[in-house]
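Input: a single structure, listed below in structure tokens.
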Amino acid sequence: MNFLKLTALAAALFVAGPSPAHAQQVALIKLPELQKRLSRNTDTTYVINFWATWCAPCVKELPYFEQVNTTFAKQKVKVLLVSMDYASQLDKKVKPFVAKRGLKSEVVLLNETDPNSWMDKVDGKWSGALPFTLIINNSKQKRAAFEKEFTQPELTAAVQQFLK
């Protein structure tokens, strides 16, 4: 490739920025889709964290979930970060937040407006407080719910309990 073509290609990439295929996607999902994911009968351990951009303890512990994603990458562990922000905030707040923090775990925004109508379907013990984390392995019939802010060692230990 000659220098001129290479320069033009580099300029086009610079102006366009990263391709959308490499940008972190944040999908809007409804409760039935989340329930379907939570009930999959696989040997994968799912670590599902319910959080919001306005929740300081949630934001503080997000790097710990990212670390779990990295630490257990070679094992059957999947992290799902479920934003509880309003759907109207997806483009203005949630996507920029996810991009700024470079989150690699899958992020979805739960598009449900009345928490009292669906929270007990996620977990009967959940009062609605954030952060809230579920760790599930359906093939082992193991499930744990945590209505608290994790430290890195606590979260890692909780996940390890599911891998035994």
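Scanning the stretch 20-51 for residues that are assigned to a loop (DSSP other than H, G, I, E, B) and in contact with a Phe, Trp or Tyr (Cβ under 9 Å, 6 or more places away or on another chain) gives a single hit, ARG40. For first residues located in the stretch 90-105 and farther than 13 Å from TYR64 by Cα and charged (D, E, K, R), partners that are assigned to a loop (DSSP other than H, G, I, E, B) and open to solvent by less than 70 Å² (accessible area, probe 1.4 Å) and lie 6+ apart or on another chain with Cβ distances below 6 Å form the pairs LYS93/THR53. Of the residues making up the stretch 64-85, those that are without any contact (Cβ under 8 Å) to a residue 40 or more places away in the chain and farther than 17 Å from LEU110 by Cα are GLU66, ASN69, THR70, ALA73, LYS74, LYS76, LYS78.
All told, GLY128 meets the bar of being in contact with a helix residue (DSSP H, G or I) (Cβ under 6 Å, 6 or more places away or on another chain) and at positive phi.
Listed by first and then second residue, the pairs linking a residue in the stretch 135-152 that is in contact (Cβ under 8 Å) with a residue 12 or more places away in the chain to a residue that is in a strand (DSSP E or B) and basic (Lys, Arg), with Cβ atoms under 9 Å apart and 6 or more places separating them unless they lie on different chains, are ILE135/LYS142; ILE135/ARG143; ILE136/LYS142; ILE136/ARG143; ASN137/ARG143.
Mind checking whether some residue in the stretch 59-72 is open to solvent by less than 70 Å² (accessible area, probe 1.4 Å), part of a helix (DSSP H, G or I) and either of a type in the set (Lys, Arg) or touching a helix residue (DSSP H, G or I) at 6+ places or on another chain (Cβ under 6 Å) (or both)? Checked against the condition, which is being open to solvent by less than 70 Å² (accessible area, probe 1.4 Å), part of a helix (DSSP H, G or I) and either of a type in the set (Lys, Arg) or touching a helix residue (DSSP H, G or I) at 6+ places or on another chain (Cβ under 6 Å) (or both), the stretch 59-72 yields at least one hit. Taken together, the criteria place LEU134 among residues that are under 13 Å from the mean Cα position of the chain (by Cα) and at pLDDT 95 or above.
Looking at this structure, is SER127 of a type in the set (Ser, Thr, Tyr) and exposed (fewer than 12 other Cβ atoms within 10 Å of the Cβ)? So SER127 fits the description; yes. The set of residues from the stretch 138-155 being of a type in the set (D, E, K, R) and not in a loop (DSSP other than H, G, I, E, B) comprises LYS142, ARG143, GLU154.
The values are calculated or read from the model by the stated rules, or taken from the named source; none is laboratory data. Because the structure is a prediction, the values reported are computed rather than measured. Quick reminder, even Gly has a Cβ in these numbers, built from the backbone with ideal geometry, and neighbours come from all protein chains shown. Accessible surface is based on the protein model in full, side chains and every heavy atom, while ligands, DNA and RNA are left aside. Shrake-Rupley method; radii C 1.70, N 1.55, O 1.52, S 1.80 Å.
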